[in-house]
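What follows is one structure encoded as structure tokens, with my remarks underneath.
The values are calculated or read from the model by the stated rules, or taken from the named source; none is laboratory data. Quick caveat, the model's predicted, so the values are computed rather than measured. We place every Cβ from the backbone using ideal geometry, glycine too, and count neighbours over all the protein chains shown.
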Amino acid sequence: MDSQNDSVRELLTQAWASWAERGAALDAEDWDRPTRLPAWTVRELYAHVAPMPEMFAGLRAAVLAGPAEVTSGAGILRAYNRPGGIAHTAAGQVAEAAKQSAGSLEPALLIARFGVEGPAALAGLADLPPSTTVAHPMLGSVTVGALGEVALMEATVHLLDLIAAVGGPPPADAALHATRALLAEVADPVAFIEAATGRSSEAVLPVVR
């Protein structure tokens, strides 16, 4: 197993464990608390981020021969967030899906997805190296490693949303650093460097919706 992929998998499992631990400490009022994302309560945020084991199982069946069209998490995020990309066109559908899932899944089931089912499904893919190509419904084909990078970013960014709503300790430093690096990579490098060093007032953020 590639060490880089091991690191992402380990960090993702840790992030999910944090979600599970925080969820176990919430009371009924907390689950209905609004978050800073206008569309979602805490329960709906959990439903949006919760790993779905069937998706991981589907990756093995989606393995393709040959190089992938998209080989990095930044590449996936650029495609999703470009004008007319899915981050813009499907935002309403994503929010509605989270609401529907939240309405059908009890907190205990959501917690189990983070603490038990998701990690077990991820461990079941440990033999797939990060360079493995899999079919993707919108991008043609991507690597397993790229999907892992995006999954870690999602778990970390939304964990910050959860903390803003109910409190608790910050995400792991390594997950924060990996997420920061990925998001910086999404931006145009020259525009990002010049804005970050005060040489340009061009708006380069946000890089994802």
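All conditions but one from (1) surrounded by 20 or more Cβ atoms within 10 Å (Cβ to Cβ); (2) outside any helix (DSSP H, G or I) apply to Pro119; the one that does not is (2). Count of region 60-88 residues, restricted to those that are in a helix (DSSP H, G or I) and under 17 Å from the mean Cα position of the chain (by Cα), is 12.
Scanning region 97-114 for residues that are of a type outside the set (S, T, N, Q) and either surrounded by fewer than 18 Cβ atoms within 10 Å (Cβ to Cβ) or modelled with pLDDT under 90 (or both) returns Ala97, Ala98, Lys99, Ala102, Gly103, Leu105, Glu106, Ala108, Leu109, Ala112. For Val150, the test of being of a type in the set (A, V, I, L, M, F, W, C), touching a helix residue (DSSP H, G or I) at 6+ places or on another chain (Cβ under 6 Å) and part of a strand (DSSP E or B) is failed.
Being of a type outside the set (Phe, Trp, Tyr), assigned to a loop (DSSP other than H, G, I, E, B) and closer than 17 Å to Gly75 by Cα is a description that applies to Val207. Scanning region 152-207 for residues that are over 22 Å from the mean Cα position of the chain (by Cα) and surrounded by fewer than 15 Cβ atoms within 10 Å (Cβ to Cβ) yields Pro189, Val190, Ala191, Ile193, Ala196, Thr197, Gly198, Arg199, Ser200, Ser201, Glu202, Ala203. Against the numbered list (1) crowded, with 16+ Cβ neighbours inside 10 Å; (2) part of a helix (DSSP H, G or I); (3) among the polar types (S, T, N, Q), Ser141 comes up short only at (2).
What residue, of Arg43, Arg60, Arg33, Arg22, is closer than 20 Å to Asp127 by Cβ and either modelled with pLDDT of 95 or more or not aliphatic (A, V, I, L, M) (or both)?
Values: Arg43 fails: closer than 20 Å to Asp127 by Cβ; Arg33 fails: closer than 20 Å to Asp127 by Cβ; Arg22 fails: closer than 20 Å to Asp127 by Cβ.
Of Arg43, Arg60, Arg33, Arg22, the one residue that is closer than 20 Å to Asp127 by Cβ and either modelled with pLDDT of 95 or more or not aliphatic (A, V, I, L, M) (or both) is Arg60.
Which number in (1) touching a strand residue (DSSP E or B) at 6+ places or on another chain (Cβ under 8 Å); (2) without any contact (Cβ under 8 Å) to a residue 60 or more places away in the chain; (3) aliphatic (A, V, I, L, M) marks the one condition that Ile86 misses? That leaves (1) as the condition not met.
Those residues that are charged (D, E, K, R) and closer than 19 Å to Ala79 by Cβ, I need them from region 172-188; list them, please.
Here is the first cut: in region 172-188, the residues charged (D, E, K, R) are 173, 180, 185, 188.
Those that are charged (D, E, K, R) and closer than 19 Å to Ala79 by Cβ: Glu185, Asp188.
For first residues located in region 187-201 and in contact (Cβ under 8 Å) with a residue 12 or more places away in the chain and on the phi > 0 side of the Ramachandran plot, partners that are in a helix (DSSP H, G or I) and surrounded by 13 or more Cβ atoms within 10 Å (Cβ to Cβ) and lie 6+ apart or on another chain with Cβ distances below 6 Å do not occur.
For region 11-55, the set of residues classified as closer than 16 Å to Pro107 by Cβ and in a loop (DSSP other than H, G, I, E, B) consists of Ala25, Leu26, Asp27, Asp32, Arg33, Thr35, Trp40, Ala50, Pro51, listed by residue number.
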